[in-house]
1. Do we have any residue at all in the range 352-364 that's touching a Lys or Arg at 6+ places or on another chain (Cβ under 6 Å), assigned by TED's automatic domain parsing to the domain that holds Ser237 and not charged (D, E, K, R)?
2. Which one is surrounded by the fewest Cβ atoms within 10 Å (Cβ to Cβ) among residues in the range 131-170 that are of a type outside the set (A, V, I, L, M, F, W, C) and in a helix (DSSP H, G or I)?
3. Among the residues of the range 393-400, is there at least one that is outside any helix (DSSP H, G or I) and in contact with a strand residue (DSSP E or B) (Cβ under 7 Å, 6 or more places away or on another chain)?
4. Is it the case that some residue within the range 371-383 is more than 16 Å from the ligand (Cβ to nearest atom), assigned by TED's automatic domain parsing to the domain that holds Phe200 and surrounded by 19 or more Cβ atoms within 10 Å (Cβ to Cβ)?
5. Counting only residues that are polar (S, T, N, Q) and within 6 Å of the ligand (Cβ to nearest atom), how many does the range 184-197 have?
6. Among the basic types (Lys, Arg) and surrounded by 19 or more Cβ atoms within 10 Å (Cβ to Cβ): is that true of Lys109 in this structure?
7. How many residues does the range 174-215 hold that are part of a loop (DSSP other than H, G, I, E, B) and either on the phi < 0 side of the Ramachandran plot or buried (at least 17 other Cβ atoms within 10 Å of the Cβ) (or both)?
Amino acid sequence: MRYTERVRKFIIENFTEDNIILGVIMKNLYDVIVVGAGAAGLTAAATALKYNKRVAIFDLGSTPARKVRASGGGNCNITNDAVKYDKYHGKNQNFVRGALSRFTPDDVKHWASQHKLKLIQKTPGRYFCDNGADAVVAALMNDVRGADIFLNQHIDNITKQDNLFHLGKCVGRTVVIATGGISFPTLGVSDAGYKIAKSFGHKIVPLRPALGPLVITDWDAKLAGITVDAEIKIEKSVVRDSLLFTHSGIGGPAAYRASLYDIGNGITIDLAPNTDVFEQLKNAKQQNGKKSVSGILGEIIPDRLAKYAVQNDTRHIADIKDADLREIAKRVNEIRIPGNKIRHHGMSAAEVVRGGVDTDQISSKTMESKLCPGLFLAGEILDIAGDLGGFNLHWAWASGFVAGINAAAVAQEF
Ligand SMILES: Cc1cc2nc3c(=O)[nH]c(=O)nc-3n(C[C@H](O)[C@H](O)[C@H](O)COP(=O)(O)OP(=O)(O)OC[C@H]3O[C@@H](n4cnc5c(N)ncnc54)[C@H](O)[C@@H]3O)c2cc1C
C-alpha cells in the first residue's frame, strides 16, 4: 500500500470528523506566534523557546534580521554601557525603564560571549561585534532553532476568536508583533504591523524619520565633505558630536542625533563649541593685527569653513570693526537655521522611526497590550526611538526578551 493511502486509512480508522479538524488545528497551533524576524522578534522567540513553548516566526523577507545585518556599518553596534531611560525618545520616555532593568548591557555581553562573539569598544562603552553583523544574525538564528520559521510571508491581518489568534493557517495562544519601523525601505519594511495594532484598537503616534541627515534650504554645497566636531541646539536640548556637511545640508552623528528631536522651531549650530570665537578674534586683532581674519579662523576650524565664514574677506584683522568680527564669529558659534529652512531627509536614509504604537496602551512590565490580552508588541514598532550608539538594538533585545517571557507565561495558563 502506498504511503499516502496508509495515512488516509489511519485517519479514517482513528479520527472522527471533529477529531480530524482538531488534529489539523493542533498541527498549526502555537503557544507564541512572532511576526517579524528582526532583533526584537527573534529575541522574543528565543526567550519563549527557553520556556519550552511551541513557537512560529513569520517574516515578509527571504532572509531574517536584515536591519541587524546592516547595522553599525556591518559591525552591529549591539549595546552601550550608557543604556538608561534618558537615552530614549517617545511620548512616554519612562516606558522603557522596566524592560531596561530586566535586560542590561551585561546581559547582552553575556549572550555575546555564550555565542563566542567578540565585542569591541570603538569608543568607550559602545560595543560592536568584531566578528561582523552576520555573526550576530547567525547567533540569533541559532537561538531560534526550535521554532517553525516562515519566510516570505507578509502578514497583514490577525484576528482573535475564542481567545486564540488566527494568522493565515496558524493559530496562536499569544502573538508578538515585532515588525519594526518603516525607515530604510530598501531593506524591506512594511506598515502592516501598525495597521494590525490599530485593528486591535491601538493608537499610533505619528511616524517620522529619525537618526538621519537633515536637509537645509539654500545650503552651500561647496562645504560638502567637511567634518567638524559641533554642537547642535534644538530648543532646550543639545547634542555634541561629529558633523558632516553634505550637498543638501548636514549629516554625520551630530545631525543624526539632532534629527531625533522636533526640529520644527529650527536649530542652532556651533562649529567650535570649545571656543568663544569673538573673544579669540578680538585678541588676535590686538596681538596679530597683520594676519587675515580667515587665517586666524583657520586655526580654529577647517580652512574651507573659515573662508566660508569670513565670506572671502581678505582684510587684515586689525582693519575689521568689532561689530563685523562679531558677525563673523556668529557664523561659527551660532549658525541659526530657522524651522522653515530645515527638514528631515526622509525615511530612505533614516536609521529609525520616531512615533509608533502608543505606549500608553501597552504594559511596560510585560509588553502586553492593555486592550487585547495575549497580544504583545516589542522593538521599534513601539513609540520608542533610542539615541545613536547601540541604544536601538538594545531596546529591541530588552523589549523582545520581556515580551517573550510574558507571552510564554500567558500561553502556559491555557
Ligand atoms: C542602516 C541601519 C543601521 C543601524 N545600525 C544600528 C546600530 O548599529 N545599533 C543600533 O542599536 N541600531 C541600529 N539601527 C537600528 C536598529 O537596526 C533597529 O532599531 C532594530 O533593528 C529594530 O529591531 P526590530 O526587531 O524592532 O525591527 P526590525 O529589525 O526592523 O525587524 C522587523 C522585522 O519584521 C519584518 N516585518 C515587517 N512587517 C512585516 C509583516 N507585515 N509581516 C511579516 N514580517 C514583517 C521585517 O521584514 C523585519 O525582518 C540601524 C538601522 C539601520 C537602518
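1. No, because not a single residue in the range 352-364 is touching a Lys or Arg at 6+ places or on another chain (Cβ under 6 Å), assigned by TED's automatic domain parsing to the domain that holds Ser237 and not charged (D, E, K, R).
2. To start, the set of residues in the range 131-170 that are of a type outside the set (A, V, I, L, M, F, W, C) comprises 131-132, 134, 142-143, 145-146, 148, 152-154, 156-157, 159-163, 166, 168-169.
Restricting the remaining residues to those that are in a helix (DSSP H, G or I) gives 134, 142-143.
On the way: Asp134: 14, Asn142: 11, Asp143: 18.
Result: Asn142.
3. Going residue by residue through the range 393-400, those that are outside any helix (DSSP H, G or I) are none.
Checked against the condition, which is being outside any helix (DSSP H, G or I) and in contact with a strand residue (DSSP E or B) (Cβ under 7 Å, 6 or more places away or on another chain), the range 393-400 yields no hits at all.
4. Initial filter on the range 371-383 (more than 16 Å from the ligand (Cβ to nearest atom)): 371-374.
Next, from what is left, pick out any that are assigned by TED's automatic domain parsing to the domain that holds Phe200: 371-374.
Among the residues that remain, those that are also surrounded by 19 or more Cβ atoms within 10 Å (Cβ to Cβ) are: 374.
Yes, there is a match, as at least one residue in the range 371-383 is more than 16 Å from the ligand (Cβ to nearest atom), assigned by TED's automatic domain parsing to the domain that holds Phe200 and surrounded by 19 or more Cβ atoms within 10 Å (Cβ to Cβ).
5. Of the residues in the range 184-197, the ones polar (S, T, N, Q) are 186, 190.
Filter once more, keeping what is within 6 Å of the ligand (Cβ to nearest atom): 190.
Residues flagged as polar (S, T, N, Q) and within 6 Å of the ligand (Cβ to nearest atom) within the range 184-197 amount to 1.
6. The answer is no for Lys109.
7. Applying the first criterion (part of a loop (DSSP other than H, G, I, E, B)) to the range 174-215 yields 178-184, 188-191, 200-203, 211-213.
Adding the requirement that they be either on the phi < 0 side of the Ramachandran plot or buried (at least 17 other Cβ atoms within 10 Å of the Cβ) (or both) leaves 178-184, 189-191, 200, 202-203, 211-213.
Here the count works out to 16.
Let's see how each residue does on (1) assigned to a loop (DSSP other than H, G, I, E, B); (2) more than 13 Å from the ligand (Cβ to nearest atom); (3) within 16 Å of Ile381 (Cα to Cα):
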| position | (1), (2), (3) |
| --- | --- |
| Val34 | no, no, yes |
| Ala37 | yes, no, yes |
| Thr43 | no, no, yes |
| Asn52 | yes, yes, no |
| Ala56 | no, no, no |
| Ser62 | yes, no, no |
| Val83 | yes, no, no |
| Arg97 | no, yes, no |
| Ser113 | no, yes, no |
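The values are calculated or read from the model by the stated rules, or taken from the named source; none is laboratory data. Small disclaimer: the values here were computed from a predicted structure and weren't measured. Cβ: placed from backbone, ideal geometry, glycine included. Neighbour counts: every protein chain shown.
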